[in-house]
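What follows is calculated from the coordinates using simple rules that are stated; it is not laboratory data. Note that this is a predicted model, so its numbers are computed, not measured. Methodologically, a virtual Cβ is constructed for each residue, glycine included, from the backbone with ideal geometry; neighbour enumeration extends over all protein chains shown.
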Amino acid sequence: MKTVASVVEQYLKTKPFLLSSLSEGIINLTSLSRLIMPEIELHLGKDVKQGAVVMALKRVSEELDFKISHKVSRVMQNIGEITVRSSLTDYTFTTSETLLDSQAKLMYEINKIKDVFYTSSRGVNETNIVVSSSVNKTVELALKNEKLLSKKENLSSITIKLPQDNVSTPGVYYYIFQSLAWEGIIINEVISTTNEFTIIVDESQVDIAFKVMKDIKKLN
């Protein structure tokens with residue numbers, strides 16, 4: 001049976017930024033209840049009292065925030081090393097039948113050079129390659145027969161080591177990306193493994209992004 005509380009809870013789950021704002025007490029519950037009442041009544045199929053919606057908003061936001069924040073906080077406090085690399089270039093190529101062979105040639109050449117950043121992610125239609133700008137000519141020579149869609153320079157990477165329980169904790173990546181979004185950080189690329197992920201940002205924003213990541217470790 002649907003109740004005001006259950007419908008409000010489902011509504012908040014689809015609005016994560018709204019839930020975060022509610023938990024921080026920066027949204028007027030009365031005004032919000034008045035705004036969402038038509039949708040709540042539509043789901044319930046009957047009229048509801050505004051006071052009931054206000055109470056549901058208060059209770060549900062507190063409960064959901066505790067469930068999310070308590071688990072996420074534990075993961076964030078156990079974040080490991082944060083590594084920053086600068087002077088990177090991000091290439092985007094069309095994924096073709098010959099691209100893997102071209103990348104193999106590139107990796108063979110890059111393996112001869114020390115201290116070079118290299119990472120790649122392959123999608124259905126596009127493949128990204130992020131490398132140290134010092135090997136741009138090597139990339140362009142090895143992939144000269146591939147279709148280049150875009151090239152972005154003056155980028156930096158921030159690599160974060162996460163504890164193993166990050167994969168069983170909902171909201172970890174949401175919290176990180178929310179924190180970056182609130183600071184106006186534009187993420188060019190995200191490269192992820194099981195317990196580590198890397199974001200690629202413009203060099204002009206790397207200091208702010210790094211501070212955000214350090215502050216996340218202090219989450220209580």
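State which stretch of the chain is the longest one without any exposed GluC sites (Glu not before Pro), exposure meaning a DSSP loop state and at most 15 other Cβ atoms within 10 Å. Formally, the longest exposed-site-free interval is 98-182. Each Lys or Arg adds one and each Asp or Glu takes one away; over the other residues whose Cβ falls under 13 Å from the Cβ of Ser168, this sums to +1.
Distance between the pseudo-spin-label points of Thr14 and His43 (7 Å out from Cα toward the beta carbon): 0.7 nm. List the residues of segment 139-182 whose backbone N lies under 18 Å from a point placed 7 Å from the Cα of Asn195 along the Cα-to-Cβ direction. Within reach of a label on Asn195: 159-170, 172-173. Taking Asn154, Asn28, Asn136 as the candidate residues, the one with maximal mean-square fluctuation in a Gaussian network model of the chain, Cα springs under 10 Å, is Asn28.
Provide the net charge surrounding Ile82, with neighbours chosen by a C-beta distance below 14 Å and charges set as Lys +1, Arg +1, Asp -1, Glu -1. After counting each charged neighbour, the total is +2.
Considering only Thr30, Thr169, Thr159, the mean-square fluctuation computed in a Gaussian network model of the chain, springs between alpha carbons under 10 angstrom, is largest for Thr30. Checking (i) 71, 42, 31; (ii) 69, 36, 30; (iii) 51, 42, 31 against the coordinates, the calculated Cα extents along the principal axes in Å falls under label (ii).
The simple spin-label model puts a point 7 Å past each Cα toward its Cβ; for Thr3 and Ile186 those points are separated by 4.7 nm. Computing FRET efficiency as 1/(1 + (r/R0)^6) for Asn78 and Arg122, where r is the C-beta to C-beta distance and R0 is 30 Å, gives about 0.45. Label separation (Leu148 vs Asp115): 2.6 nm, computed from points 7 Å beyond Cα along the C-beta direction.
Would you mind finding the longest exposed-site-free stretch of the chain, with exposed trypsin sites (Lys or Arg not before Pro) meaning DSSP loop and at most 13 other Cβ atoms within 10 Å? Mind dumping the intermediate values first?
Values: sites that count: Lys2, Lys46, Lys49, Lys112, Lys114, Lys144, Lys147, Lys217, Lys218.
That gives 148-216 as the longest site-free run.
Straightening the chain between Ile27 and Ser204 buys 60.5 nm, computed as 0.36 nm per residue apart minus the Cα-Cα spacing. For the listed residue pairs Lys13/Lys218; Lys15/Lys217; Lys137/Lys214; Lys112/Lys217; Lys15/Lys46, the alpha carbons are over 28 angstrom apart in Lys137/Lys214; Lys112/Lys217.
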